[in-house]
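These notes concern the structure reproduced below.
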Amino acid sequence: MIAQVSVSGGKDSTATLLVALETLPRDAFVATFCDTGNEHPMTYEYIGYLAEATGVPIKTLKPDFTDWWWHRRDYVRDHWGRPHKNYPDGVPQADIDRVLSFFEKGPTGNPYLDLCIIKGRFPARRSQFCTQFLKTEPSNEYALELIEKHGAVESWQGVRAEESANRAKLPDREDVGGGLTIFRPILRWNVDQVFAQHRKHGIDPNPLYKLGMNRVGCMPCINAAKPEILEISKRFPDQIDRIEEWERLVSTASKRGMSSFFPAPLGNRGDLMGRNIREVVRWLQTQRGGRLVDMFKAQSEPLMCSSAYGLCE
C-alpha cells in the first residue's frame with residue numbers, strides 16, 4: 001500500500017504533508033497537487049517552495065478537457081436547434097452560430113476556464129462542479145494508477161471538523177472500496193495546531209495568509225466571503241481583470257450570452273442585473289443597503305500585513 005497526500009498550497013494540506021513526513025517512511029507516500037488553473041501565482045510558487053523545503057516531490061495533476069470541448073461543439077451543432085426545455089423552437093440560429101464560432105477556436109488550455117466554457121456557466125455553491133472535475137476526479141484517477149502499481153492507496157486529506165458542520169460529521173478513516181481508503185489525520189485539529197505544525201518543521205505558511213486571505217485554494221473561490229473579495233480587488237486587481245475576461249469568454253459560449261462568476265448579492269437586485277465581477281466589487285464598496293458608497297471601504301489601502309490567523313503578530 002502507498003499513501004497519496006493531497007497538497008493544495010493551503011495551511012491544512014501543508015500540515016497534513018508534514019504529518020506524513022513525521023509518521024511515514026519516505027518511500028511510503030507520494031504528494032500530489034491538483035492544478036485547477038484558477039490559483040494565484042503565489043500559490044504556484046508556494047508549491048515549489050514546499051517541495052524544495054520538505055524534500056518531497058509534488059506531482060501536479062492537471063486535467064485536459066480537449067475531448068470534452070469538441071464533444072460540446074458537436075452537441076451545440078447537432079442538438080441546440082431542436083425544441084427543448086426553455087426553447088420550444090430551439091435555440092436561435094444566430095446564438096448557435098455565435099457559440100460554434102467560439103468553439104472552433106479550440107480550448108484555452110486552462111482547466112477551470114475550459115470547464116466553465118463547456119458548461120456554459122461558472123460553478124455555484126449548490127453546483128460545485130469545479131471541485132468534482134478539477135480536484136476529486138484527477139486525484140481519483142491518479143489513485144487508480146497507484147492502486148494498479150501498489151495494490152492499495154490511502155488518500156490523505158487535510159480536512160478539519162471545525163471548518164463546517166458537514167466536515168464535522170466525517171470519520172477519521174473511510175473505506176471507499178476498490179483498494180482505496182481515505183484518511184483525515186488532522187480532522188480533530190484546530191487552526192492553532194495547524195500553524196504550530198508549520199513552525200515545528202520550519203515551514204512558512206502560504207504568504208497569501210498574511211495578505212488578508214482566509215483561504216488560498218482558487219483565487220478567487222466562488223465561496224469567498226465578501227471582505228475577502230474586496231481585499232482581492234485591492235491587493236490583486238489583475239485577478240479581477242482575469243475574472244472579467246473569463247466572464248466575457250464564458251458568456252460567449254452560453255445560450256443566454258451572459259454568465260457571471262459570482263451571483264448578484266440578494267439575487268434579485270435591479271441595480272446589479274449585469275451581475276459581473278465589476279458590479280460585485282462596486283457593491284462590496286457600499287454601505288448596508290447597497291446604494292451609497294462607503295468611502296472608507298472604497299479608498300482605504302490594505303494593510304501591509306493582514307491575517308485572520310494572527311500571523312502578523
Non-local amide H neighbours of VAL5 (under 5 Å, H modeled in plane, Pro and chain starts lacking H): which ones? VAL30, ALA31, THR32, TRP156
Would you mind calculating the gained length between MET258 and ARG278 on full extension (0.36 nm times residue separation, minus the Cα-Cα distance), in nm to one decimal? 5.8 nm
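Can you tell me what share of the DSSP beta bridges in the chain is antiparallel? A percent to the nearest 5 is fine.
If we restrict to bridges inside the chain, about 30 percent are antiparallel.
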Show me 32-39, 63-70, 201-208 ranked by packing, highest mean number of other Cβ atoms within 10 Å first. 32-39, 201-208, 63-70
So what is the calculated 222 nm ellipticity per residue for the chain, using -39500 (n - 2.57) for each DSSP H run with n of 4 or more, over all residues, to the nearest 500 deg cm²/dmol? -12500 deg cm²/dmol
Kindly state, to the nearest 0.05, the FRET efficiency for VAL191 paired with LYS105, given R0 = 35 Å and r defined as their beta-carbon distance. 0.20
Please work out the FRET efficiency for the pair LYS62 and LYS149, using the Cβ-Cβ distance as r and a Förster radius of 22 Å; give the result to the nearest 0.05. 0.60
From phi via Karplus (6.51, -1.76, 1.60), per-residue ³J(HN,Hα) for the stretch 17-31 in Hz, x at Gly/Pro: 4, 5, 5, 4, 4, 6, 10, 10, x, 4, 8, 9, 8, 10, 10
Within 10 Å, count the other beta carbons around each residue, average over each peptide in 111-123, 91-103, 183-195, and list them highest first. 111-123, 183-195, 91-103
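Between HIS201 and ALA225, what length comes free when the chain is fully extended (0.36 nm per residue of separation minus the Cα-Cα distance, one decimal in nm)?
Length difference between fully extended and current span is 5.6 nm.
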Dipole of the stretch 59-199, Cα-centred, from +1 at each Lys and Arg C-beta and -1 at each Asp and Glu C-beta, to the nearest 20 debye? 460 debye
What spacing in nm lies between the two simple spin-label points modelled at ASP241 and ARG26, each 7 Å away from Cα in the Cβ direction? 4.3 nm
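Quick note: the coordinates plus some simple rules give every number you see, no bench work behind them. Keep in mind that what you see is a predicted model, and the values were worked out from it rather than measured. When we count neighbours, we look across all protein chains shown, and the Cβ atoms used for this are built from the backbone with ideal geometry, even at glycine.
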